[in-house]
Amino acid sequence: MAVLCLAETANGTLALDATAKAVSAGAKLGDVTLLVCGPAAAGDEAAKIAGVAKVLVAEDAAYANGLAENIADLIVSLAGDYAHIIAPATTTGKNVLPRVAALLDVMVISDVIEVVDGDTFKRPVYAGNAVQTVKSTDATKVISFRTSTFDAAADGGSAAVESVAGAGDKGLSAFVEDKVVESDRPELTSAKVIVSGGRGVGSEESFAIIEALADKLGAAVGASRAAVDSGFAPNDQQVGQTGKVVAPELYIACGISGAIQHLAGMKDSKVIVAINKDEEAPIFQVADFGLVADLFDAVPELTSKL
Amino acid sequence: MKVLVPVKRVIDYNVKVKVKADGTGVDLANVKMSMNPFDEISVEEAIRLKEAGVASEVVVVSIGEKKSTDTIRNALAMGADRGILVTEDQGVDIEPLAVAKILAKVVEEEAPELVILGKQAIDNDMNATGQMLAALLGWGQATFASEVKIEEGKAVVTREVDGGLQTISVNLPAIVTTDLRLNEPRYASLPNIMKAKKKPLDEKTAADYGVDTTPRLNVVTTEEPAGREAGIKVGSVDELIAKLKEGGLV
Ligand SMILES: Cc1cc2nc3c(=O)[nH]c(=O)nc-3n(C[C@H](O)[C@H](O)[C@H](O)COP(=O)(O)OP(=O)(O)OC[C@H]3O[C@@H](n4cnc5c(N)ncnc54)[C@H](O)[C@@H]3O)c2cc1C
Ligand SMILES: Cc1cc2nc3c(=O)[nH]c(=O)nc-3n(C[C@H](O)[C@H](O)[C@H](O)COP(=O)(O)OP(=O)(O)OC[C@H]3O[C@@H](n4cnc5c(N)ncnc54)[C@H](O)[C@@H]3O)c2cc1C
């Protein structure tokens, strides 16, 4: 059975990690065709992902900025050949796939963490406090995969690349601008190590001590919702039920209490370290190594001694 | 401009849910229920549009059990003008596709120029209903909004996306789904709670709209996720570094 996977692109380049993780999830269902909305170069790069059967490249500018109306119609025009239509559960995937599903009159299955068989999937509900196994009765399955639970497919592929046209711009919406945070740090969802700060960090200025530790470790920087709401950190750093879901080798939570909504986004990390001055903080219930300390002492000390 | 706001009654975000031992679901008996937090943000945004003279009327709609009346009254107490309750007593929540189909019928009747939904309901976390409704209506969609400006015939919306923020404009009528930073919802005051009891509330059933709500996804089992044991407390930064080195982590 054939699988159509929407590749993740950003600013005209392929987001390799998210795409390769969705490919490895899709490979459990059948031969994966990747749809790349972006320039030919992004398509060529996608063709190198191992296990990809074919790459379709849509170069029309109508598809360049993730506008859901245009991309959903393009996918629907291709849908006839595929039993499964999938994407990584990124903000783009989550924007586009439910629209595709409704146009096909099928349900979308969001944030899947395990493939049981071609119709049956596991997904977390209630902020990860329960895992549902759902069996779809729809002819076409439309699925977004949670990237943190799948390993990226390797490189070394050499799939054929074809271009697809589609109907272009529907004229319902228009791109105005992107405000992308430029950073030399690794991306949150693919980083091996993450240092996160919460309300306990206290201010945007003092977030620098979190960043200094991250830089020492070559880590990405994360944040709790409280830290983002208070303006200490940008929205794209929010980890949790309604932010990004991560599972690095090492997650260091500083001044984060451990609300269920935060835990939902990081409790599958391999090793969790918590630094919190309140020994009763719930974060210690999931931490492998807990340090009861003032973060303004402990974090700089850790940075300097590493 | 009329604004329609769908609101869902969900388990309160402070409740730690328990999975039933027989795998049939989660225990919802005697659990505190509230309006989905994202929907409070949607109601707030709609009311602010009305206060700014942009919106003329704010209509809230909820699909669910009779008890969803509480959720609608709550939105009316915040400042919405009128409510519609669509009862669906199958005993289970209905899926986003069926919810979207019912909402599409409500939109046909009410003819709003803007529908503001939450980006996700915190019980099932599907993050789907708004996008599905947009598809069924053939409208544009602006999901995960952190800022909404209404300009001539358009909504200019800043969206919270993985890479940061994206601004798009969508032609009206349009669908907007709300993210956390859009606003801070107000609390309903006691006088407004009293007033809300007198605001109009229509009752309908899913059958009135002729929508087939048969689920497409059957829930086979609901299980507890793999647990995580608390580890150890370390006494100092030096001890922490030693542990991390032992594990080859630094
Ligand atoms: C609809 C909804 C969605 C949500 N989604 C998310 C989400 O995706 N992600 C998320 O994180 N949250 C989310 N939340 C919010 C969540 O419920 C918590 O409010 C939030 O995670 C708390 O952040 P925090 O731990 O930084 O702050 P707090 O709970 O205030 O904790 C601060 C901690 O810092 C400690 N501290 C203070 N000073 C120091 C110091 N000097 N040294 C050491 N420790 C110190 C304190 O002891 C405390 O434990 C959501 C909530 C709702 C309603
Ligand atoms: C244990 C368990 C078993 C279940 N079994 C089944 C089953 O067998 N079959 C089945 O069909 N479903 C079942 N469900 C429920 C179903 O899976 C979800 O309710 C459905 O997927 C809705 O997803 P969501 O609420 O996450 O929608 P989202 O798309 O995340 O919601 C986004 C927004 O849409 C709007 N919205 C959503 N729902 C409503 C509503 N009812 N009224 C008004 N506005 C709304 C709100 O604005 C909300 O913020 C079950 C749920 C549980 C917990």
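What to note about this one:
- Near B:Val26, the amide H atoms lying under 5 Å from its own belong to B:Lys20; only residues 5 or more places off or on other chains count, and H is placed 1.01 Å from N.
- Surface burial for B against A, with a 1.4 Å probe and both sides summed, reaches about 6800 Å² of accessible area.
- Protein heavy-atom surface of the protein assembly as shown, 1.4 angstrom probe: 49% of the accessible area is carbon and sulfur, with nucleic acids and ligands not counted.
- Prolate/oblate/rounded label for the range A:4-85 (Cα gyration tensor, a/c 1.5): oblate
- Surface calculation, 1.4 Å probe, protein heavy atoms: B:Lys195 sits at approximately 130 Å² accessible.
- Phi-based couplings in Hz for the range A:241-257 (Karplus 6.51, -1.76, 1.60; Gly and Pro marked x): 3, 10, x, 9, 9, 10, 8, x, 5, 9, 10, 10, 9, 10, x, 10, 6
- The mean count of C-beta atoms from other chains within 10 Å of the C-beta of residues in A:136-146, rounded to a whole number, is 2.
- Within straight-line cross-link reach of A:Lys28, lysines at Cα separation under 19 Å, skipping those fewer than 8 residues along the same chain: A:Lys48, A:Lys54, A:Lys122, A:Lys135, A:Lys141
- Remark: the Cα gyration tensor places the range A:166-275 in the prolate category, a/c being 1.5 or greater and a/b exceeding b/c.
- Net charge, B:Ser146 excluded, C-beta distance under 10 Å - Lys, Arg +1, Asp, Glu -1: -1
- Entries in B:Lys105/B:Lys198; B:Lys32/B:Lys198; B:Lys2/B:Lys101; A:Lys244/B:Lys66 that, when Cα-Cα distance is taken, lie over 28 Å: A:Lys244/B:Lys66
- Under 5 Å, built H, 5+ apart or other chain: amide partners of B:Met126: B:Ala121
- Mean separation of Cα contacts under 8 Å (6+ apart) over length of chain B, as relative contact order %: 23 percent
- Flagged links, alpha-carbon separation over 29 Å, of A:Lys192/B:Lys243; A:Lys179/B:Lys245; B:Lys18/B:Lys197; B:Lys16/B:Lys154; A:Lys170/B:Lys119; B:Lys20/B:Lys243: A:Lys179/B:Lys245; B:Lys18/B:Lys197; B:Lys16/B:Lys154; B:Lys20/B:Lys243
- Scalar couplings 3J(HN,Hα) for the range B:174-186, obtained by applying the Karplus form with A = 6.51, B = -1.76, C = 1.60 to θ = phi - 60°, are 8, 9, 10, 10, 9, 10, 4, 8, 5, 6, 10, x, 7 Hz; x denotes Gly and Pro.
- With DNA, RNA and ligands ignored, accessible area of B:Ser236 (1.4 Å probe; Å², nearest 10): 50 Å²
- Per-residue extension of 0.36 nm, minus the Cα-Cα distance of B:Asp212 and B:Glu151, leaves a gain of 18.3 nm for this segment.
- Averaged over its residues, chain A has an accessible area of 36 Å² per residue, based on protein heavy atoms and a 1.4 Å probe.
- Long-range HN-HN contacts of B:Arg159 with modeled amide H, under 5 Å: B:Ser146, B:Gln166, B:Thr167, B:Ile168
- Within chain B, helix-based [θ] at 222 nm, where runs of 4 or more DSSP H residues each add -39,500 (n - 2.57), nearest 500: -8000 deg cm²/dmol
- Cα gyration tensor shape for the range A:136-195, rounded if a/c is under 1.5, else prolate or oblate: oblate
- Taking only the Cα atoms of the range B:1-104, the radius of gyration and Dmax are 15.1, 53 Å.
- Reference-scaled alpha-carbon Rg (2.2 N^0.38 Å with N residues) for the protein assembly as shown: 0.95
- The range A:222-247 and the range B:113-170 have their alpha-carbon centroids 20 Å apart.
- In order through the range A:289-302: 3J(HN,Hα) via Karplus (6.51 cos²θ - 1.76 cosθ + 1.60), integer Hz, x for Gly, Pro: 10, x, 10, 7, 6, 6, 5, 5, 8, 5, 5, x, 5, 4
- Measuring between their Cα centroids, the range A:79-155 and the range B:61-84 lie 31 Å from each other.
- Ordered from largest to smallest accessible area (heavy atoms of protein chains, 1.4 Å probe), the residues B:Lys154, B:Lys32 come out as B:Lys32, B:Lys154.
The values are calculated or read from the model by the stated rules, or taken from the named source; none is laboratory data. What you see is a predicted model; the values in this text were computed from it and never measured. Don't worry about glycine lacking a Cβ; one is built from the backbone with ideal geometry, like all the others, and counts go over all protein chains shown. Only protein heavy atoms, including side chains, enter the accessible area calculation; ligands, DNA and RNA are left aside. Shrake-Rupley method; radii C 1.70, N 1.55, O 1.52, S 1.80 Å.
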